[in-house]
Amino acid sequence: MRRFRKILIANRGEIACRIIWTCKEMGIQTVAVHSTADRDSLHVRFADEAVCIGGPTSQQSYLNIPSVIAAAEITDVDAIHPGYGFLAESAQFAEICEACNIKFIGPRPDVIRMMGDKVEARRAMKEAGLPVLAGSPDPLKSEEEATVLAREIGYPVIIKAAAGGGGRGMRIVHREEELGPAMRTAATEAAAAFKNGDIYVEKYVENPRHIEIQVLADEYGHCIHLGERDCSIQRRHQKLIEEAPSPVLTQELRERMGSAAVEACKRVGYSSAGTIEFLLDEDGQFYFMEMNTRIQVEHPVTEMITLADIVRNQIFVAQGDPLWYQQSDVNFNGHSIECRINAEDPETFAPSPGRITAYNAPGGPGVRLDTAAYNGYFVPPYYDSLIAKLIVHARTREVAIARMRRALEVMVVEGIKTTIPLHRAIMEDPYFRAGEYSTRFMEQFFERRKNQGVSAASVGD
Ligand code: MV4
């Protein structure tokens, strides 16, 4: 069995720091890579070594495969952790790492590739026994074919991009006459965004909850799940708040969804940490949506309620270690909530880069802050606007909300606009507090505020 001596982190920001913290705990040396815009970043400061890999844009640096590989070769690392975003779900990058004899910390390239094609993933997961919505078995070939399928499925239907995911390039269709135009716009958008215009059709579920199951698998076919996260609170497919456990899942449903996810992972030869996304409809039926073959932004809520370190597990299984615990060893404790703090206008969600001129990090019992921000830090305009994840843990959901409220109250980030005021308002919302929400929560939240005569602008006060 091999031991990693040194790992390169092919990422930036909070997740790069998060990975470095675990490497330090494991006695593994770390190499940071960074763009010219990230010279003063915490991941550069706290890694054992750092290599500048290119200019400020992601294309020039964090997505630049030759530069990342060159940095790995020069520093002689054993493995690369890709984090999330950037190269995390690039099957090609994983293959290149393998060819260079550098271990890619994630699943096998063929599995990444399969899950990246949503039509293939749907087929594979259906064969592996997961429930999927009625839909097309292959990419659509013509409007005539789609018309026949949509009549069978029944309206409303949804058109999705095969190469999409995360909600990009989707079109909801309520009536037959809208089908042709929706197909054409979806295909055009998909071709422009993903260089692949393939689309497929599926039954559309109204007011679903987005529930995802965290799995851990080793390279010998052992797989367990760490329960669910409820990620229904999002806007324009950007998650805002995640929590574990879901306020609506029964232990019985958790076990059914968890076992279904584990069986499916075994069948596709999955290894490393992964997430299976489900839609849960208003009747309590769940359906496979997508599989994410990476560590996710919202992984901390699962870590809080299970005491697992997901990054540590990823590193162990990538080394070739077997998972040493079984499903019966996983215990769920209390409730955890995460608020994503973005450098954005809380009204318009427009990015708000710039210098942080005053800063206070909340702490105290049950509070975790995953961030790479600090007082005086300049939030660059080139990347994702996530600057911090505020995570709380408590014995009950009620206390977790109270804890989040007080943590948000004392969290200070000045000089830029952030989503902190929006989160403070959501913590007061009666529907959020009752756990009664679907993926339409944010539109309904803004609607309620408008009706109460609270101008949308006051969210930012
Ligand atoms: C759907 C759906 C309703 N019906 N598929 C958006 C993200 C992508 N992973 C899947 N998405 C959806 N797929 C069918 N057949 C509704 C969504 C959806 C959604 C899903 C999860 C979280 C937020 C969402 C917001 C709007 C739409």
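FYI, it's all coordinate maths here, none of it is from the lab. Note that the structure is a prediction, hence the values are computed from the model and not measured. Positions of Cβ are backbone-derived with ideal geometry, glycine not excepted, and every protein chain shown enters the neighbour counts.
Tabulated data
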| item | result |
| --- | --- |
| Contact order relative to length of the range 1-134, as percent, for alpha carbon pairs under 8 angstrom and 6 or more apart | 21 |
| Calculated SAXS-style log₁₀ I(q)/I(0) at q = 0.12, 0.16, 0.23 Å⁻¹ - the range 26-140, Debye, Cα scatterers | -0.54, -0.79, -1.29 |
| Eligible lysines near K103 by straight Cα distance, threshold 29 Å, same-chain separation 8 or greater | K6, K24, K118, K195, K266, K389 |
| Sparse-neighbourhood loop sites, GluC sites (Glu not before Pro) in the range 207-278 - DSSP loop, at most 16 other Cβ within 10 angstrom | none |
| Cα gyration tensor shape of the chain, rounded if a/c is under 1.5, else prolate or oblate by comparing a/b with b/c | rounded |
| Tail weight of P(r) past 17 Å, computed on alpha-carbon pairs of the range 262-373, percent | 71 |
| Stretch gain in nm, segment N360-L253, where the contour uses 0.36 nm per residue and the Cα spacing is subtracted | 34.5 nm |
| Cα gyration tensor category, rounded, prolate or oblate, for the range 244-312 with a/c compared to 1.5 | oblate |
| Percent of Cα-Cα distances greater than 16 Å, calculated over the range 110-219 | 60 |
| Nearest-20 debye value, the chain charge dipole, Cβ charges on Lys, Arg, Asp, Glu | 800 |
| P(r) histogram, all alpha-carbon pairs of the range 109-161 included - 10 Å bins from 0, percent | 22, 49, 25, 3 |
| Neighbour-count order for T188, T302, fewest beta carbons within 10 angstrom listed first | T188, T302 |
| Farthest toward positive dipole pole in the chain [+1 Lys/Arg, -1 Asp/Glu at C-beta], among I105, Q92, I341 | I341 |
| Value of Rg to Rh for the range 209-452 (Rh from inverse mean 1/r over Cα pairs, i.e. Kirkwood) | 0.97 |
| Qualifying GluC sites (Glu not before Pro) in the range 322-391, DSSP loop, other Cβ atoms within 10 Å at most 15 | none |
| For peptides 131-138, 269-276, sequence by mean Cβ density within 10 Å, most packed first | 269-276, 131-138 |
| Kyte-Doolittle mean at least 1.0 and Cα axial length at least 18 Å: DSSP H helices in the chain | none |
| Rounded if a/c under 1.5, otherwise prolate or oblate - the range 164-211, Cα gyration tensor axes | oblate |
| Sequence-separation-based contact order of the range 134-203, relative, with Cα cut under 8 Å and 6+ spacing, percent | 43 |
| Where trypsin sites (Lys or Arg not before Pro) fall in DSSP loop in the range 190-241, at most 10 other Cβ within 10 Å | K195, R236 |
| Sequence-separation-based contact order of the chain, relative, with Cα cut under 8 Å and 6+ spacing, percent | 14 |
| Positive dipole terminus of the chain, leading residue within L133, I420, S259 (C-beta point charges) | I420 |
